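Undergrad: Before anything else, here's the structure in question.
The values are calculated or read from the model by the stated rules, or taken from the named source; none is laboratory data. Just so it is clear, the structure is predicted and the values come from calculations on it, not from any experiment. Here the Cβ positions follow ideal geometry from the backbone for every residue, glycine too, while neighbour counts run over all protein chains shown. These area figures cover heavy atoms from the full protein model, side chains too; ligands, DNA and RNA do not enter into them. Shrake-Rupley method; radii C 1.70, N 1.55, O 1.52, S 1.80 Å.
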Amino acid sequence: MTAVLDARDVSFGYGGAPILEGISLSLKKAEVVTLLGPNGSGKSTLLKVLLGIHRCRSGEVRLDGRPLRALAPVDIAKRMAYVPQSHSLSFAYSVFDVVLMGRVMHRSLWSSYSREDRLHAENALERLRIAHLAHRPYTEISGGERQLALIARALAQGADILIMDEPVSGLDYGNQVRLLEQIALLASDGLTFLKTTHFPDHALLIADRVVLLKQGRIVGDGHPQQVVTQDNVRRLYEVAVDIVSIRDGYRCCVPRLNRSDNKRAGGRAVER
Amino acid sequence: MTAWDDSRRPAPSFVSRHRWAWGLSLVLAAASAASLMVGRYAVPPGDILGFFMALYAGGEGMDASRFQELHVLLLDVRLPRIVAAMLIGAALASSGTAFQALFMNPLVSPGLLGVLAGASFGAALAMVFFDHWLAVQVSAFLFGLIAVGLALGIAALYRANSLLILVLGGIISTGLFASLLSLVKFVADPYDQLPAIVMWLMGRLSNVDARTVTVLVVPLLAGMFALGLSAKYLNVLSMGDGEATALGVNVRRIRCVVIFWATLISALTVVMAGRIEWIGLVIPHVARFLVGPNNEILVPFSAVLGALFLLIVDNIARNLFPVEVPVGVVTELIGIPIFLFVLLKTRKEWA
């Protein structure tokens with residue numbers, strides 16, 4: 001299958017030293033790709049380069065085979081949406097108004113949102129089952145609900161590639177799981193996801209493909225089973241982990257705690 | 001699910017979505033008519049109606065001397081002042097609203113980038129060196145724009161397209177022109193020029209003349225219209241640069257357009273009536289408290305509310321006390337308690 005989003009040999013930096021170097025990465029339709037990497041590895045920056053918010057210093061990003069720099073922001077936005085970390089706003093827009101903002105590029109300077117725009121926003125809210133939040137202030141709903149509202153905005157936008165920056169950060173355990181379920185569900189409907197995360201477990205749970213980023217370079221790209229390995233996670237985060245198989249072929253990643261008063265027990269575990 | 005059922009209704013028409021603004025516009029029209037009657041010489045409503053009918057008929061149907069008298073009082077004195085009060089209130093309130101959304105901060109006012117400080121310096125400079133009213137107006141306008149230009153220039157030096165740097169540029173520019181103003185005050189003649197500068201800085205509508213109002217009404221309305229058109233982009237911009245870009249909005253262009261028009265109309269308010277503070281900060285808050293933060297409704301609503309506010313305050317300033325108090329002073333005295341009240345009511349929003 002051809003790639004919907006394709007980055008080739010991309011480099012980027014704000015001024016001096018490059019933050020990203022020689023990045024090649026492609027997304028196929030309906031794929032869930034998880035980007036793993038330690039703090040400061042350039043994950044968020046890479047997302048912004050792929051979205052066209054930052055222009056790459058060298059290399060090229062192509063959307064549906066067309067170079068990103070040749071596309072107007074409006075044309076990019078019709079295909080690709082950015083779902084930031086759930087944030088707090090200075091102004092208490094209603095959830096409906098926030099979702100409606102996804103329709104802004106469908107409107108000309110002279111026209112306000114149409115009935116059709118409002119319908120798109122309503123459908124997006126219903127699809128994520130948060131229609132009951134429509135008239136609540138965005139500033140007063142929970143972090144998990146905000147994340148769902150931002151996904152709804154991406155759907156209202158009409159985009160089918162969703163670029164998500166640490167979607168589960170700040171969410172409680174239940175909301176994390178529900179959000180992952182929602183992403184898997186939308187992917188099965190044909191949406192494409194690229195998301196960053198700090199949890200190797202989440203990559204093992206729902207990703208079709210995992211990309212490892214360290215110091216601005218890609219150090220691994222492939223099926224989660226092959227990429228999220230003990231060695232790779234240790235090299236990426238500099239902590240020791242076990243990848244254990246559980247029921248139905250699921251695997252999960254368990255850290256080995258390095259406790260000074262319990263070192264020998266830890267040492268035995270490694271030998272075993 | 002009751003809250004949701006509400007939005008299932010057909011999309012509200014323009015009138016029902018803006019019913020607040022329409023209702024308030026009617027109040028504003030009534031207030032401006034009432035303002036024609038009150039003053040040192042009270043004119044009964046019947047006379048005002050009679051005068052305008054006579055005016056329409058070309059001077060017929062009214063005693064000639066009475067007609068002349070009312071012509072001067074209503075058309076040359078009161079009407080320009082009423083129109084100026086409404087325009088200034090609306091311009092400051094709408095540019096304040098636009099700036100608050102643009103800078104993602106509800107504590108921002110139109111003077112953030114230095115326009116008011118620059119215009120104040122420009123006016124004082126011309127008062128000392130030219131002593132001609134037109135020169136004062138032109139100089140105030142030009143230095144208002146120069147001050148904002150300086151703020152933008154400082155921001156551009158950093159090559160970072162960041163709001164924080166822009167605010168920093170505004171602080172520097174404001175500080176520079178405030179100190180230059182002090183310098184002008186220091187060299188001004190303390191018996192003649194200095195009191196004139198101080199009075200002018202308090203903000204007053206008594207100097208407004210019909211010609212200035214006629215000339216400035218077009219750019220002021222154009223600026224407010226432009227800010228109104230930018231409203232749906234302002235909503236998006238208040239989500240942050242990255243998100244706005246990803247939503248397909250040309251952030252740089254919208255920001256330039258909004259800063260240009262907000263600066264222009266703020267500078268023009270100084271040209272008309274000197275420095276009137278607090279409206280640009282307080283009215284957007286009151287308006288947001290009443291109709292919510294959606295700029296598509298908020299910007300026009302603030303404009304109408306600002307017009308009504310300054311009109312009422314000006315009526316107080318010219319009627320309540322035996323001598324006329326500068327309107328800028330009354331604006332502050334009334335605006336500050338209102339601001340406090342609204343802050344206490346809405347602080348939840350900022351959590």
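Undergrad: Which pairs do you get when a residue that is under 15 Å from B:ARG275 (Cα atoms), found in segment B:125-148, comes within reach of a residue that is outside any helix (DSSP H, G or I) and open to solvent by 20 Å² or more (accessible area, probe 1.4 Å), reach meaning Cβ atoms under 8 angstrom, with the pair 6+ apart or on two chains?
TA: Final answer for the pair search is B:VAL136/B:PHE130; B:SER139/B:PHE130.
Undergrad: Moving on. Would you please list the contacts, defined by Cβ atoms under 6 Å and residues six or more apart or on different chains, that run from a residue in segment B:336-350 that is at pLDDT 70 or above to a residue that is in a helix (DSSP H, G or I)?
TA: Pairs found: B:ILE338/B:VAL282; B:PHE339/B:VAL282; B:VAL342/B:HIS285; B:VAL342/B:VAL286; B:VAL342/B:PHE289; B:THR346/B:PHE289.
Undergrad: Name the pairs whose Cβ atoms lie under 7 Å apart, with the first residue in segment B:87-113 and more than 14 Å from B:LEU234 (Cβ to Cβ), the second of a type outside the set (Gly, Ala, Ser) and not in a helix (DSSP H, G or I), and 6 or more positions between them or separate chains?
TA: B:ILE88/B:ILE276; B:LEU92/B:ILE276; B:LEU112/B:PHE103
Undergrad: Let me ask something additional. Any residue in segment A:55-64 that is open to solvent by 10 Å² or more (accessible area, probe 1.4 Å) and under 27 Å from A:SER188 (Cβ atoms)?
TA: Yes, segment A:55-64 contains a residue that is open to solvent by 10 Å² or more (accessible area, probe 1.4 Å) and under 27 Å from A:SER188 (Cβ atoms).
Undergrad: Taking the condition of being open to solvent by 20 Å² or more (accessible area, probe 1.4 Å) and farther than 15 Å from B:GLY96 by Cα, how many residues in segment B:248-264 meet it?
TA: 5
Undergrad: Further question on the same structure: Go through the residues of segment B:321-329 one by one and say whether even a single one is part of a helix (DSSP H, G or I) and touching a Ser or Thr at 6+ places or on another chain (Cβ under 6 Å).
TA: No.
Undergrad: If you go through segment B:53-77 one residue at a time, how many are open to solvent by 10 Å² or more (accessible area, probe 1.4 Å), assigned to a helix (DSSP H, G or I) and either within 18 Å of B:LEU36 (Cβ to Cβ) or in contact with a Cys (Cβ under 9 Å, 6 or more places away or on another chain) (or both)?
TA: Adding up the residues that qualify gives 13.
Undergrad: When you check B:ALA287 against the structure, is it in contact (Cβ under 8 Å) with a residue 12 or more places away in the chain, open to solvent by 10 Å² or more (accessible area, probe 1.4 Å) and in contact with a helix residue (DSSP H, G or I) (Cβ under 9 Å, 6 or more places away or on another chain), yes or no?
TA: When the stated conditions are applied, B:ALA287 does not pass them.
Undergrad: Could you say whether any residue in segment A:30-37 is of a type in the set (Ser, Thr, Tyr) and surrounded by fewer than 22 Cβ atoms within 10 Å (Cβ to Cβ)?
TA: No, every residue in segment A:30-37 fails to be of a type in the set (Ser, Thr, Tyr) and surrounded by fewer than 22 Cβ atoms within 10 Å (Cβ to Cβ).
Undergrad: Also, quick follow-up: Can you tell me how many residues within segment A:140-168 are within 9 Å of chain B (Cβ to nearest Cβ) and open to solvent by 20 Å² or more (accessible area, probe 1.4 Å)?
TA: 1
Undergrad: Could you please let me know if B:ALA3 is surrounded by 11 or more Cβ atoms within 10 Å (Cβ to Cβ), part of a helix (DSSP H, G or I) and modelled with pLDDT under 75?
TA: Judged against the criteria, B:ALA3 is a match.
Undergrad: Going by the structure shown, is B:PHE321 open to solvent by 10 Å² or more (accessible area, probe 1.4 Å), within 14 Å of chain A (Cβ to nearest Cβ), over 11 Å from the mean Cα position of the chain (by Cα) and at pLDDT below 95?
TA: no
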